[in-house]
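Peer 1: Shown below is the structure under consideration.
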Amino acid sequence: MNELKGSTDGAGRRVAIVASRFNGHVVTKLVDGASASLISHGVADDAVDLAWVPGAFEIPLVAERLARTGRYDAIVCLGAVIRGETFHFDLVANESARGVADVTRATGVPCIFEVLATDDLAQAQARAGGAHGNKGWEAAEAALHMAGLLEALPRGGAR
């Protein structure tokens, strides 16, 4: 069996982070985790670009614009949507997830979706450097892994 594998080696890689300002006290910790992860895996500090958007709903548009530049090996999408009293939570979380998935498929650039969708602030904090670790760190590792895996896969197209 020929196993195709990715690597989290970030040497020579360029990565963008798209982060939501809404619930910024949580998202900032995710950004810090993602940045630290990228640098610890060998991505140069000046090879990481950070774009802040107003909320999670706006993440896909900016991720798509960045992906289409051809400058990035991967994009890390970070946000936090915390359930409230209305259905707004469901709409924002679902559309953000769908939008990021659409960008990945349309551009071929791995866009890692790590928009926390939690019932309360405590759950979000637990995933942004608390008891459940830092999901920003994990998202950055996934971005590097996917960039490496895509390089290892055969290219599609006509034979």
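Peer 1: Of the conditions (1) within 24 Å of ALA11 (Cα to Cα); (2) part of a loop (DSSP other than H, G, I, E, B), GLY84 satisfies every one except a single condition; which number is it?
Peer 2: With (1) within 24 Å of ALA11 (Cα to Cα); (2) part of a loop (DSSP other than H, G, I, E, B) applied to GLY84, the lone miss is (1).
Peer 1: Same structure again: Name the pairs whose Cβ atoms lie under 8 Å apart, with the first residue in the range 12-25 and more than 17 Å from ASP73 (Cα to Cα) and among the hydroxyl-bearing types (Ser, Thr, Tyr), the second at pLDDT 95 or above and outside any strand (DSSP E or B), and 6 or more positions between them or separate chains?
Peer 2: That search, which allows pairs on different chains as well, returns SER20/VAL27; SER20/PRO54; SER20/GLY55; SER20/ALA56; SER20/GLU58; SER20/ILE59.
Peer 1: Follow-up. Can you work out which of the residues in the range 130-159 that are touching a Leu at 6+ places or on another chain (Cβ under 8 Å) and at pLDDT below 95 is surrounded by the fewest Cβ atoms within 10 Å (Cβ to Cβ)?
Peer 2: Checking each candidate, the answer is LEU153.
Peer 1: Next up: If you take the residues in the range 35-50 that are within 25 Å of ALA101 (Cβ to Cβ) and out of contact with any Lys or Arg (no Cβ under 9 Å at 6 or more places or on another chain), which one is surrounded by the most Cβ atoms within 10 Å (Cβ to Cβ)?
Peer 2: SER37
Peer 1: Looking only at the range 23-50, which residues are over 14 Å from VAL109 (Cβ atoms) and either among the hydroxyl-bearing types (Ser, Thr, Tyr) or in a strand (DSSP E or B) (or both)?
Peer 2: Listed by number, the residues that qualify are THR28, SER35, SER37, SER40, VAL48, LEU50.
The values are calculated or read from the model by the stated rules, or taken from the named source; none is laboratory data. Predicted model only: the values in this text are computed from it and were never measured. Every residue, glycine as well, gets a Cβ built from its backbone with ideal geometry; the counts of neighbours run over all protein chains shown.
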